[in-house]
Amino acid sequence: MRTHLSRRRRAAAGATAAVLGMAVALGSGLATPALAADPVTLSSIVLGVGANEAQRIVSWYSSADTAQSVQLAPTADIVNGEFPATAVTFAGVGAANIATSGGYNRHATITGLTENTAYSYRVGSADGWSAAYAFKTQDFEGDYDFLFYGDPQIGASGNLAKDQAGWTDTLDVSLAANPNAEILVSGGDQVETANTEAQWNAFLASDKLRQYPWAATIGNHDVGGKAYEQHLFTPNTDRSGAYYSNGNPASNTSGGDYWYIYKDTLFIDLNSNSYATSQGGGGDAAHVQYVTDVVKQHGGEAKWTVLVYHHSIYSAAAHAKDSDAKVRRNDFPKTFSDLGVDLVLQGHDHVYARSYLIKNGAKANPDEKPGAEDVFAGPGGVLYVTANSASGSKYYDITKPDASGTNGPDPLKPNDYWYSSVQNQEHVRSYIKVGVRSDKLVVENIRSGTCAAPNASVELGSSCSNSADTQGVGSVVDKVAVHPYHGDSQDIQVNVPNAKPGEFGWTIDGYNGLVDLGTAVEKDGDYFAAAGSINPIKVSDSRRSLSPWSLSASVGDFKDAGKTFSGSYLGWTPYVAAAGAGAKAGNAVESGFGTGGKGLAESRGLGHAEQGHARGTALLSADLDLKVPADVAKGNYRTTLTITALSS
């Protein structure tokens, strides 16, 4: 179950502001500031994700080795372009760039952000500041959207200006259509050549990358130099040798695995360039252990797990049959299924591909149809999605399955790979929108270009497919809703098998979706109230003995990461939704709020039947009544309803 507690703002916002006001720049221990005669040039500013929704990381380049900071203030406090005296500074740290980049790199982590607030920031020092840029936080709880972009690979076409124009246009189009998207997630290959700064300048040219946080991913075209690490600092990053392809973080390569949590989603980002121990790094085994450790340590703090890495293992174009793809296809899927990963986002193959739900390296449900609009994960089912080019700099055409390795055909459509629910190549730019909802992930592949763009300098697609001829910008290539598994040890536990003929048993009636109590309503400042109904329980009894039976249930504490409140505050009123099997409803149980009662924290009867009842089937349900003390912290809380059946 889930309930979203909402309340009036208290003095907490002021307290946070006071804390921010106390923060000062501690200095970076860097060299003496440049003389006024040599003004510092600040460039390549990019806003990145932080460890959580209350953080952002800003990275930038500097022409001088001076102490610099990020200065931050609520946009509403800036008058005539002047930052107020109460603006907060966060010290920048960094080092000298490699020779081909020149200058120095800096990054600073902004902390203590409050929700639903517009902020402005700039980088530099009292000796000179950059232009100011703005971003906005949104509610730190609840539904949200993020956008995923495949391989801008600026420079891949051989025409830098066109690649930049296509990439900039995709950012403009996608964010005009989704202005409230909260993070931008990279599929890797930001540039064509790792240390070519002209390509990085083109990639970072759009101010959208200073307004929305970019979650970077290392591609094979980024990994061969230090410019990736200089430009894009990431949170919670393990930069030990195991996560570098050559095992040497001090070499002229980039690497590392990292994770962050954003609004109940645990994101884990891997450097898939390190996959073979023969190269010197820890290979796939190191990544598998990393994902395992992060999920075990932090999975309980989130409701979704999303993995991101560059090299697609279930794609449909030129790289589908690569030997390294086959290695990862063998090494990754079982662990991802075992850990309950929901979604894997990939790039590299410059084609759009959406897999069937995959469990342990095989199709999870043999009955899943191609292009299904709704898929139900079941235990261990994982969706793998590969993004096409976001810039139009390069496309790969779809290849044919064969009998070698794991690249066989789909029995349902033999021209496609066995794992491909949808595969599409139109030579048209696109991006992927992921809607994170209370009980599903909605994944859409959306066109950001057309076959016949009015501005030929922007549209880079050639040889567009006929299917794309009449499709406009913003049209949807593919859309799927992923419904997660709610089974053992998850939101509703179902430990009783389906009833067999001549036996007694019970099941959840229909799809076992999340029981969402919505947003609780404040009652006279004393408590919050929410209501709903459990998913109906179907009871079947065809036994000749006509023995009595009963169903009871209880809940544990409601939890949201480290926040909790007692399950005793939940009460219910059972009822028989469809008569049969002699079913009688259990007694109503009131919420323990204000009464000192135990509510559903103790096992309570949902329904029962007496000896000699008629055989048949019944539906049992219950209306829920939740009353939560007013001092419970805001959050999205869940608990597990555990159902127990007894029969002689």
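The values are calculated or read from the model by the stated rules, or taken from the named source; none is laboratory data. Keep in mind the model is a prediction, meaning the values are calculated, not measured. Positions of Cβ are generated from backbone atoms using ideal geometry, with glycine treated the same way; all protein chains shown enter the neighbour counts. Keep in mind that these areas ignore ligands, DNA and RNA; they rest on the heavy atoms of the full protein, side chains included. Shrake-Rupley method; radii C 1.70, N 1.55, O 1.52, S 1.80 Å.
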Is any helix in the chain, taking whole DSSP H runs, at least 24 angstrom long along its axis by alpha carbon and on average at least -0.5 on the Kyte-Doolittle scale, and which ones? 160-177
Provide the convex hull volume over Cα atoms per residue for segment 493-648, in Å³. 108
For labels at residue 127 and residue 43 in the simple 7 Å Cα→Cβ model, what's the distance in nm? 1.9
Under a 1.4 Å probe, counting only protein heavy atoms, residue 329 has an accessible area in Å², nearest 10, of 20
With r defined as the distance between the Cβ atoms of residue 136 and residue 403 and R0 fixed at 56 Å, what FRET efficiency is calculated, to the nearest 0.05? 0.60
Rounded to two decimal places and with Rh computed the Kirkwood way over Cα pairs, what is Rg over Rh for segment 139-276? 0.97
Accessible area, 1.4 Å probe, largest first: how do 595, 234 sort? 595, 234
Under 15 Å from a point placed 7 Å out from the Cα of residue 563 along the Cα-to-Cβ direction: which residues of segment 517-553 have their backbone N that close? 518-522, 528-529
Cα-centred dipole magnitude for segment 59-178, charges only on beta-carbon of K, R (+1) and D, E (-1), debye, nearest 20: 440
Using just the helices of the chain, give the 222 nm mean residue ellipticity in deg cm²/dmol: DSSP H runs with n ≥ 4 each add -39,500 (n - 2.57), and the total is spread over all residues, rounded to 500. -3500 deg cm²/dmol
For segment 140-207 (alpha-carbon point model, no solvent) the Debye-based log₁₀ I(q)/I(0) at q = 0.29 Å⁻¹ works out to -1.33
In Å², and per residue, what accessible area does segment 117-219 have when probed at 1.4 Å with the other protein chains present? 29
Leaving out ligands, DNA and RNA, what percent of the accessible area of the chain is carbon and sulfur, probe 1.4 Å? 50
With each label point set 7 Å from Cα along the Cα-Cβ vector, what nm distance links residue 99 and residue 475? 5.2
Nitroxide proxy distance, nm - points 7 Å out along Cα→Cβ at residue 631 and residue 324: 5.7
Could you work out the relative contact order of the chain? I mean the mean sequence separation of Cα pairs under 8 Å and 6+ apart, divided by the number of residues, in percent. 12
Dipole size in debye (nearest 20) for the chain around its Cα centre, Lys and Arg Cβ +1, Asp and Glu Cβ -1? 1080
Looking at the chain only, what percent of DSSP beta bridges run antiparallel? Nearest 5 please. 80
Defining a contact as two alpha carbons under 8 Å apart and six or more residues distant in sequence, what relative contact order in percent does segment 497-648 show? 32
Compactness of the chain - radius of gyration and Dmax, Cα, Å: 27.3, 98
Could you tell me the ratio Rg/Rh of segment 295-361? Both radii from Cα atoms, Rh via Kirkwood. 0.99
Hey, which lysines would be in cross-link range of residue 334, C-alpha to C-alpha under 17 Å, not counting anything within fewer than 8 residues on its own chain? 296, 326, 359, 363
May I ask you to list the GluC sites (Glu not before Pro) in segment 561-643 that are in a DSSP loop and have at most 13 other Cβ atoms within 10 Å of their Cβ? 610
Volume per residue (Å³) of the convex hull spanned by the alpha carbons of segment 199-277 is 93
In terms of the charge dipole of segment 323-454, which places +1 on Lys and Arg and -1 on Asp and Glu at the beta carbon, the residue among 361, 387, 419 farthest towards the positive end is 387
Efficiency by 1/(1 + (r/R0)^6): what FRET value for residue 77 and residue 588, r their Cβ-Cβ distance, R0 = 51 Å, to the nearest 0.05? 0.45
Provide, in order from the shortest bin, the percent of all Cα-Cα pairs of segment 348-414 in each 10 Å bin, continuing until the bin that contains the maximum pair distance. 17, 44, 32, 6
